[in-house]
Structures are given as C-alpha cells and as structure tokens.
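Heads up, the thing below is written out as structure tokens.
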Amino acid sequence: MEKKINVHEGHRSRIDEKVKSIGLDAMPPHEQLEYMLYQIIARGNTNGIAHELLQKFGSLEQVFHASERELTTVKGVGARTAKFLTQIPAIAGIYQRAAMGNSVVLDTTEKMGEYAATLFGGKLTEEVYLISLTANKRCLRHDKVASGGVSDAPVYVRNIMDYAMTSKAHSVILTHNHPSGELFPSNEDIIVTQKVAAALTAMDVKLLDHIIVSGNKYISMKKSGIFF
C-alpha cells in the first residue's frame with residue numbers, strides 16, 4: 001500500500017530553523033503565531049490554527065486581546081492554549097519592566113506613563129494599581145488595589161492607604177486603565193483621585209499623579225490640570 005504523504009511532516013523543524021536563521025521578528029505573522037503555539041501545543045498542525053486565529057481576529061494584536069471564550073471558538077484551541085494566548089501581553093509587560101531594571105526611577109511623567117502602560121496589556125476590564133516610590137522616586141513595588149468591569153472598578157480609599165503603609169512609600173502613583181479606549185478621566189475618576197490624595201496627605205504620603213492608560217497611550221491627570 002502506498003504511504004500517505006504528510007505535508008506537515010518536518011514542518012516544525014523547518015520553522016525552528018527559520019527562527020534560528022532570520023529571527024522570529026522577521027517572520028510573517030502566521031509563522032510567528034505558529035511558533036508561539038508550538039510552546040503550548042505539543043503535537044498537531046499549529047499552522048492551520050494560526051491561520052484560523054488570524055482570519056477570525058484580523059491581527060496578532062487582536063488575537064492576544066481576545067477573551068478566552070472567544071479564542072476557544074477556533075478549532076484546535078483548548079482552554080490551556082486560550083489561557084496562554086491571553087497572557088502574552090502580560091508577559092510582554094513583565095519583560096518591559098524587567099528591562100527597566102529593579103531600581104527604576106519614575107521621576108518624570110513620561111517614565112510614569114511608560115511604566116503604568118506595562119501593567120495593562122491585554123486587560124479587558126478595568127484594574128487599578130498603586131505604584132509605591134521611595135523619597136528618590138525609585139519604584140518599590142506595584143500592587144493591584146481594585147478590579148472591576150469594562151467601564152468601572154470600585155476603589156476603596158482604605159485599601160489604598162493600607163498598601164501605601166505596607167510598602168512604606170514616600171510617594172505613590174495611582175493608575176488605572178480604560179478598556180473602552182477613552183483616555184480622559186470621568187467625573188468619578190476625579191472625585192476618587194481627590195479623596196485618595198487627601199487620605200494619603202494625612203499619612204504624609206504624596207500622590208504624585210494619576211495615570212490613565214488605554215492601549216499603548218496614557219494621560220496624566222496632573223498634566224491635564226486636574227487639581228488633587
């Protein structure tokens with residue numbers, strides 16, 4: 001009996017060689033995605049899955065920003081693979097913060113915004129973080145202090161005070177994301193910021209800024225002229 005030819009036989013090895021030869025950055029999106037899928041799918045035709053994902057969502061960015069539920073509607077994408085894909089923006093953020101160094105100093109609006117933006121990659125709902133700093137504005141840590149839905153996240157001032165006290169912060173930066181794409185602060189954002197600033201001042205901790213992030217863009221409430 002004639003042996004059936006498997007057109008995908010040796011394909012993974014060829015992709016590995018291509019990565020080694022020209023680098024992952026130089027490869028087309030479907031091969032980049034295919035290579036990433038190798039890391040989570042041990043066997044099978046990830047080439048077909050990569051093409052279907054890109055066809056359904058339109059781009060690598062949109063694949064990574066899709067929800068786990070949406071991703072699992074593509075044949076061959078199970079729960080574990082969907083979880084892996086949704087975590088890629090977070091992994092990118094971890095790398096970006098690592099590249100900044102363990103003693104990153106956030107002493108300008110630009111540095112604050114760039115750091116804040118690394119915390120929200122791929123997030124589909126609002127989250128609020130407190131970034132704690134030393135007297136020299138060196139980053140001590142960042143903590144998620146609230147999470148919510150697509151358009152809001154309940155912020156508890158007492159919770160923020162506790163994190164600032166635990167980290168022994170000299171000053172802090174508040175930051176949250178707007179998954180809707182709208183950068184400008186809402187009235188609620190302004191009111192909450194003013195309450196947080198007053199509570200922290202009573203603890204002798206200064207709120208340096210409140211950064212709002214949407215995608216790769218950010219806005220400084222302080223630079224926008226909002227008093228707190």
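The values are calculated or read from the model by the stated rules, or taken from the named source; none is laboratory data. What you see is a predicted model; the values in this text were computed from it and never measured. A quick note on method: Cβ atoms are made from the backbone with ideal geometry, for glycine too, and the neighbour counts reach across all protein chains shown. Side chains are part of the model used for accessible areas, which takes the heavy atoms of the whole protein and leaves out ligands, DNA and RNA. Shrake-Rupley method; radii C 1.70, N 1.55, O 1.52, S 1.80 Å.
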Open item on the list: Restricting things to Cα coordinates, could you compute the convex hull volume per residue of the range 1-104 in Å³?
Closed with: 134 Å³
Open item on the list: Past 26 Å, Cα to Cα: identify those pairs from K111/K206; K83/K168; K144/K168; K75/K217, in the order given.
Closed with: K83/K168; K75/K217
TODO: Taking the Cα centre of the range 79-211 as origin, sum charge times position over the Cβ atoms of Lys and Arg (+1) and Asp and Glu (-1), and report the length of that vector in debye to the nearest 20.
DONE: 540 debye
Task: Sequence-distant aspartates and glutamates (8 or more away, or on other chains) whose Cα lies within less than 20 Å of K123 - done: E61, E68, E70, E114, D143, D152, E182, D189
Open item on the list: Quick check: residue separation of S13 and R43 times 0.36 nm, minus the Cα distance between them. What number comes out in nm?
Closed with: 9.5 nm
Task: Most mobile listed residue (R43, R138, R158) in the chain, GNM with C-alpha springs under 10 Å - done: R43
TODO: Could I have the simple spin-label model distance between A98 and K168, label points 7 Å from Cα toward Cβ, reported in nm to one decimal?
DONE: 2.8 nm
Task: 1.4 Å probe accessible area per residue over the chain, in Å² - done: 57 Å²
TODO: Would you kindly derive the ³J(HN,Hα) couplings of the range 120-135 from the backbone phi angles with the Karplus curve 6.51 cos²θ - 1.76 cosθ + 1.60 (θ = phi - 60°), listing them in order in whole Hz, with x for Gly and Pro?
DONE: 10, x, x, 6, 9, 10, 6, 9, 10, 10, 10, 9, 9, 10, 7, 4
Open item on the list: Which three numbers, in whole Å and largest first, are the semi-axes of the equivalent ellipsoid of the range 47-163 derived from its Cα gyration tensor as √(5λ)?
Closed with: 33, 17, 11
TODO: Taking only Cα atoms and a 10 Å spring cutoff, compute GNM fluctuations for the chain and point out the largest among H142, H11, H30.
DONE: H11
Open item on the list: Between the range 132-192 and the range 12-56, how far is it from one alpha carbon centroid to the other, in angstrom?
Closed with: 38 Å
Task: Share antiparallel - DSSP beta bridges, the chain, percent rounded to 5 - done: 70 percent
Open item on the list: Tell me the net charge near M165. Cut-off is 12 Å between Cβ atoms, M165 excluded, with +1 for each Lys or Arg and -1 for each Asp or Glu.
Closed with: -1
Open item on the list: Can you tell me which of E17, E114, E70 moves the most in a GNM of the chain? Springs connect C-alpha atoms under 10 Å apart.
Closed with: E17
